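Contents: one structure, followed by commentary.
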Amino acid sequence: MTAASPHAQGGDAFDLRRRPSFSRRHRLTRLIWAIVWNTMFRWTPKQMRVWRVFLLRCFGARIGYHSDVRGSVRVFYPGNLVMGAHSVLAEGVDCYNMAPLSVGDYTIVSQRVYLCGGTHDYTIASNPLVVRPITIGSNVWIAAEAMVAPGCRVADGCVVGARAMVHGALEPWSVYSGNPARRIKTRPFDASR
């Protein structure tokens, strides 16, 4: 081992007995949610939208009128989920919402999108968890298999292209694509149709 190694210095940087990132109550809630998700949520057909929303609300989610969370959506912690009216989390969306995740009205999060609210501080040897909220505005469409990183703000009216990688704050009424996501044009929007 080199002299810079924490083990060589007798340090405890890699001590696995360090304090957990979440409280015991939080972890117990997630355990109960995992059981409910596996037994009463994930197998449900599209027509059982009201049942799934009810279950999420029982665990603290705030979901607006006529919004839909499909059965195969994974929600890490329902208490951190806020959805506006008429929005949808489509099949296979992964809401890794360790921090608050807010979705506006009339927003579509398409199939297999990954919404990641946490990362690790790699500059510290123990790699502590760092969580940041994600805010997704109204009239947004995040296309299939895109990833939204911790701390992102997707402004009202944005379109995020398929498989795009979103970091930071996006400008309103814009279309983004690529990895990393770049603004490619202004989004025209006709609310009358």
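Structure notes:
- Fewest neighbouring Cβ atoms within 10 Å first, the residues 175, 69 line up as 175, 69.
- Over the chain: helical MRE at 222 nm, DSSP H runs n ≥ 4 each giving -39500 (n - 2.57), nearest 500: -3500 deg cm²/dmol
- C-alpha center-to-center spacing [the stretch 43-99, the stretch 133-165] in angstrom: 17 Å
- Between residue 91 and residue 36, the distance separating the two model label sites (each 7 Å from Cα on the Cα→Cβ line) works out to 2.5 nm.
- Per-residue Cβ neighbour rank within 10 angstrom, fewest leading, 76, 41, 189, 22: 189, 22, 76, 41
- In degrees, nearest ten, helix 49-58 long axis to first principal axis of the chain (Cα): 40 degrees
- Residues whose amide H lies under 5 Å from that of residue 184, counting only those 5 or more places away or on a different chain, are 175, 176, 177; hydrogens are built 1.01 Å from N in the peptide plane.
- Descending principal axes extents, the stretch 44-91, alpha-carbon based, whole Å: 23, 20, 16
- Dipole magnitude for the stretch 44-164: computed about the Cα centre from +1 point charges on Lys and Arg Cβ and -1 point charges on Asp and Glu Cβ, it is near 260 debye.
- Across the chain the C-alpha pair distances fall into 10 Å bins from zero in the proportions 9, 33, 29, 18, 8, 3, 0 percent.
- Residue order, fewest to most surrounding Cβ atoms within 10 angstrom, among 116, 95: 116, 95
- Seen against the Cα atoms of the chain and their longest principal axis, helix 24-36 is set at about 50 degrees.
- Rel. contact order, % - alpha carbon contacts under 8 angstrom, at least six apart, the chain: 11 percent
- Ratio of the Cα radius of gyration of the stretch 115-163 to 2.2 N^0.38 Å, where N counts its residues: 1.36
Since every read-out is calculated from the coordinates, none of them should be taken as a lab result. On a predicted model such as this, the values are computed, not experimentally measured, just so you know. Virtual Cβ from ideal backbone geometry, glycine too; neighbours counted across all protein chains shown.
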